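Engineer: Before I ask anything, let me first share the structure, which is written out below as structure tokens.
The values are calculated or read from the model by the stated rules, or taken from the named source; none is laboratory data. It should be emphasised that the depicted structure is a prediction, and the values quoted were computed from it without experimental measurement. Methodologically, a virtual Cβ is constructed for each residue, glycine included, from the backbone with ideal geometry; neighbour enumeration extends over all protein chains shown.
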Amino acid sequence: MTKSALSHFASAAGTDRMLLVETFVRIVEAGSLSAAALQLGATQPTVSRRLQLLERTLGVRLLQRSTHAIRLTDDGQRGYERAKALMATWQSFENDVRGAGEELAGTLRVVAPHAFGQNQFMEPLAKYLQQYPGMRVEWLLHDRVPDFVAENIDCAIKVGPVSDPSVVALKLGEVPRSVMAAPSLLAGGPVPQHPAELARLPWLALRTFYRDEVCLTHSQTGEVACFDIQPRLSTDGLYALRKAAVLGLGVGIASAWALRDELASGQLVLLAPDWQAAPLPVHLVYAPSRLQPARLRRFIETMREHLPAELCESLKQAKAGTNSKARAGQKAQ
């Protein structure tokens, strides 16, 4: 074996090779790298790297790619038939080992966002434990994406964008965000209706998502207004921001459903209610592997089935917007 071949073999040995095979099959059946990436919950660059690693490991070109299409080479056609057979055999093996109706038992380790993990995501967690009484869950609250292998974490719920291409990120929904403050901050004056009025007020920053600039979008016209802020208080904790806002220290941006009680009681009021900050995506994130344990598969299913109502609504709105754009594009053609 040549030095180059040894190097490619070593690279593949550190990768889940069944994942490489599955990626190849998905690309062929989906018709493009981008469509396969969407099905796999991965990014297009990640899918491309997996295909390249598989080709280097096998020492053959599997696909011919152009800007408009992909097609199988002769080696790729043979490889595709064998890959499908291999995937079917592997699926049968998984079903035999796991059992079709397994009774779950063991421990699931989940990292959840510090604020939402104490409230909004507790109901889906409770449903999971009620449905699988043999399961135990370690519910770890912090806002970073963990090292899944080193920390022995099954999955994480992440609010905000996921930039790591090596993980699988399933989008659960989006968190809408609005501007709010305590009535005392307005000193009896009218509620601001435009971002230009907000720029003159003292500000609080949730530094995980905004620090020294605020951008708001008009919900009807789509107009965007940005302005600089010099926050009196910067924090990475939603609860600290909430308390500071209630105490009248400044204006903050957060999800209305995270601060529902304070808004309902009048401790906080919405400012410039027709303007909103960009919504934050919510993902369920885990390490890619064909050997996905049943406890994780069932947790993913439960989370999707019992999402907080606000996330379900955001998904409906996002899908409606996508369908509307698609119809507009079809009419334009």
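Engineer: Here is a list of conditions, (1) under 25 Å from residue 119 (Cβ atoms); (2) assigned to a loop (DSSP other than H, G, I, E, B), and residue 221 meets all of them except one; can you say which number that is?
Structural biologist: (1)
Engineer: Can I ask one more? Within segment 239-255, restricting attention to residues that are among the small types (Gly, Ala, Ser) and surrounded by fewer than 23 Cβ atoms within 10 Å (Cβ to Cβ), which residue is farthest from residue 279 (Cα to Cα)?
Structural biologist: 248
Engineer: Quick check on my filter: what residues within segment 115-134 are in contact (Cβ under 8 Å) with a residue 60 or more places away in the chain and crowded, with 18+ Cβ neighbours inside 10 Å?
Structural biologist: 115, 116, 120, 121, 124, 128, 132
Engineer: Sticking with this one: Restrict the check to segment 167-181 and report whether at least one residue is farther than 30 Å from residue 200 by Cβ, assigned to a helix (DSSP H, G or I) and not assigned by TED's automatic domain parsing to the domain that holds residue 260.
Structural biologist: For segment 167-181, residues farther than 30 Å from residue 200 by Cβ, assigned to a helix (DSSP H, G or I) and not assigned by TED's automatic domain parsing to the domain that holds residue 260: absent.
Engineer: While we're here: Name the pairs: first residue in segment 42-65 and assigned by TED's automatic domain parsing to the domain that holds residue 26 and in contact (Cβ under 8 Å) with a residue 24 or more places away in the chain, second residue part of a loop (DSSP other than H, G, I, E, B) and polar (S, T, N, Q), Cβ to Cβ under 8 Å, at least 6 apart or on different chains?
Structural biologist: 46/166; 50/15; 53/15; 62/73; 63/73
Engineer: Take segment 134-162 and flag every residue that is closer than 15 Å to residue 296 by Cα and modelled with pLDDT of 90 or more.
Structural biologist: 134, 135, 136, 137, 138, 139, 153, 154, 155, 156, 157, listed by residue number.
Engineer: Still on this structure, please answer the following. Could you tell me which of the residues 184, 163 is outside the structural domain of residue 286 (by TED's automatic domain parsing), polar (S, T, N, Q) and surrounded by fewer than 13 Cβ atoms within 10 Å (Cβ to Cβ)?
Structural biologist: Checking each option against the conditions leaves just 184.
Engineer: For segment 54-65, does any single residue satisfy the condition of being under 30 Å from residue 161 (Cβ atoms), of a type in the set (S, T, N, Q) and surrounded by 17 or more Cβ atoms within 10 Å (Cβ to Cβ)?
Structural biologist: The answer is no, given that none of the residues of segment 54-65 is under 30 Å from residue 161 (Cβ atoms), of a type in the set (S, T, N, Q) and surrounded by 17 or more Cβ atoms within 10 Å (Cβ to Cβ).
Engineer: What are the residues in segment 146-185 that are on the phi > 0 side of the Ramachandran plot and more than 9 Å from the chain's Cα centre (by Cα), if any?
Structural biologist: Scanning segment 146-185 gives a single hit, 152.
Engineer: Which numbered condition in (1) over 30 Å from residue 151 (Cα atoms); (2) touching a strand residue (DSSP E or B) at 6+ places or on another chain (Cβ under 8 Å); (3) at pLDDT 90 or above is the only one that residue 110 fails?
Structural biologist: So residue 110 meets the others, but not (1).
Engineer: Scan segment 256-307 residue by residue and report those that are in contact with a His (Cβ under 9 Å, 6 or more places away or on another chain) and surrounded by 20 or more Cβ atoms within 10 Å (Cβ to Cβ).
Structural biologist: 272, 275
Engineer: Of the residues that make up segment 306-316, is at least one at pLDDT 85 or above and either more than 16 Å from the chain's Cα centre (by Cα) or over 20 Å from residue 154 (Cβ atoms) (or both)?
Structural biologist: yes
Engineer: Which of the residues spanning segment 29-48 are assigned to a helix (DSSP H, G or I), in contact with a strand residue (DSSP E or B) (Cβ under 8 Å, 6 or more places away or on another chain) and surrounded by fewer than 20 Cβ atoms within 10 Å (Cβ to Cβ)?
Structural biologist: Residue satisfying the conditions is 40 alone.
Engineer: Only one of (1) touching a helix residue (DSSP H, G or I) at 6+ places or on another chain (Cβ under 6 Å); (2) assigned to a strand (DSSP E or B) is not met by residue 257, so which one is it?
Structural biologist: (2)
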